[in-house]
Amino acid sequence: MMLLHCSQKLAALEKILMKSFPESLKVYGTVYYINHGNPFNLEVVVDSWPQFNTVITRPHESEMKDDLDNYTNSYFMFTKDPENLREMLTKTDVINWKQVLQIQGFQSSVDRVLKDIAASKMVQMDIAKNILFFKEKTIDPLDMTKEHNAPEAKEGIKIPHVLQSTDGQIFRIAPLKECHADQVNQGWGFGGNERSLRYIQRCIHHFPSFSAVDSDGNPVCWAVTEQSAEYRMGYTLPEVRNIGLMSRLIELCIKPSFLVKDAPAYGHVADINEISQRATVKGGFQVAPGNWYQWTCRPIRSPL
C-alpha cells in the first residue's frame, strides 16, 4: 500500500481511470478534484505503482475528527482484482473501521468483498443499491462558478438564464447558496440531520449546484455535486412536480453543446423511483452497466 502524492502520478492516474468508465467513476471524480485544488483534502491510496490493481480515495486523517460522521468519513473504491482489494483491506489500515463511515463504488465484486470484511471486522453494514445513470461528457466542473446566476463555460458558451416547464411556467436557473442547505437537507433521503447539513453546506460552497428558482427567488428544484463529482441530492418540491422541471434542469445544465472537458456526469436513482428515472433519461442520461452502491459501516461497539 502506498500514498500517491506526486502531481504527475496523480495526473497519470486520472487518465488511466478514464479507461475503466463507468466502474471507476467514483474514484475518478475524487482524483479529478484532488488534481484541481483538492477542496475536501482527500488523498489517494494504491496497492502499488505504476502498475496497480486497487485505488481507494479517502479524506486526510486530519479531516476525520468525528468518529460518527459518515459524510466526512467517506471512502471511494475501484479495483481490477477483488482478491487484491480483500488483501489490502485485511492486512492494512487503509480504512479506520473504528469509525462510522461510508464506502461508495459501482462494482458488485466490491460488494462481496466488503460483506466478508465487515463480518471479520465486527462491523454492522447497511447497503444502499440503486440504479446508476451515466452521461459520457459534461461541463468541466471548474468552469461552473457559484458567484454567477448563469455559469459560463469556456469559449463564451453560457447556460441559459431561464427554463420553461411543460405547463409554460418560467423559472430562473441559478446556483444554490449555502443558506439553501437546510432546504436541500430536508429533501435528501440520505440526510436530514446536523452532520448531513454541514456536509451539504460544504458541497454547495465548493462544488457546482443547479436550481430552478421561482418568481420569489426561492429554489423549487435542484441538484448538488459532491467530492466525487456525482450529481446528487436532486429534489423537486411537491407543488411543482410533474411539469418536467428536473429533466429540463439537468438537460440545460449538462448539455453536449456546452462540453469543454471529459469530466464525468453521473448520478443514481432508487429502483422504486420511476418518475425520477424517467426525468433522468429525458435529461440525456442512460442506464449504466452495474449499480450504484453505498456501504454504511458502524462498529458493533460504536463510540458514544
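Table: residues versus (1) within 29 Å of Asp126 (Cβ to Cβ); (2) open to solvent by 10 Å² or more (accessible area, probe 1.4 Å); (3) modelled with pLDDT under 95; (4) of a type in the set (Phe, Trp, Tyr).
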{"residue": "Lys154", "(1), (2), (3), (4)": "no, yes, yes, no"}
{"residue": "Ile159", "(1), (2), (3), (4)": "no, no, yes, no"}
{"residue": "Leu163", "(1), (2), (3), (4)": "no, no, yes, no"}
{"residue": "Thr166", "(1), (2), (3), (4)": "no, yes, yes, no"}
{"residue": "His180", "(1), (2), (3), (4)": "yes, yes, no, no"}
{"residue": "Gly191", "(1), (2), (3), (4)": "yes, yes, no, no"}
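Considering only residues in segment 271-304 that are over 20 Å from the mean Cα position of the chain (by Cα) and part of a strand (DSSP E or B), the one that is nearest to Arg241 (Cα to Cα) turns out to be Arg298.
None of Lys98, Lys80 is farther than 17 Å from Trp295 by Cα, among the charged types (D, E, K, R) and in contact (Cβ under 8 Å) with a residue 24 or more places away in the chain except Lys80.
Strands (runs of 3 or more DSSP E) fully within segment 1-110 that include at least 2 residues being surrounded by 16 or more Cβ atoms within 10 Å (Cβ to Cβ) and touching a Pro at 6+ places or on another chain (Cβ under 8 Å): 42-46.
Sub-7 Å Cβ pairs linking a first residue in segment 37-58 that is on the phi > 0 side of the Ramachandran plot to a second residue that is surrounded by 14 or more Cβ atoms within 10 Å (Cβ to Cβ), at least 6 apart or interchain, are Asn41/Pro59; Asn41/Glu63, ordered by first then second residue.
The values are calculated or read from the model by the stated rules, or taken from the named source; none is laboratory data. From a predicted model like this one, the values you see are computed outputs, not experimental measurements. No Cβ is skipped: glycine too gets one built from the backbone with ideal geometry, and neighbour counts run over all protein chains shown. Areas reflect the complete protein model, heavy atoms only, side chains present, ligands, DNA and RNA absent. Shrake-Rupley method; radii C 1.70, N 1.55, O 1.52, S 1.80 Å.
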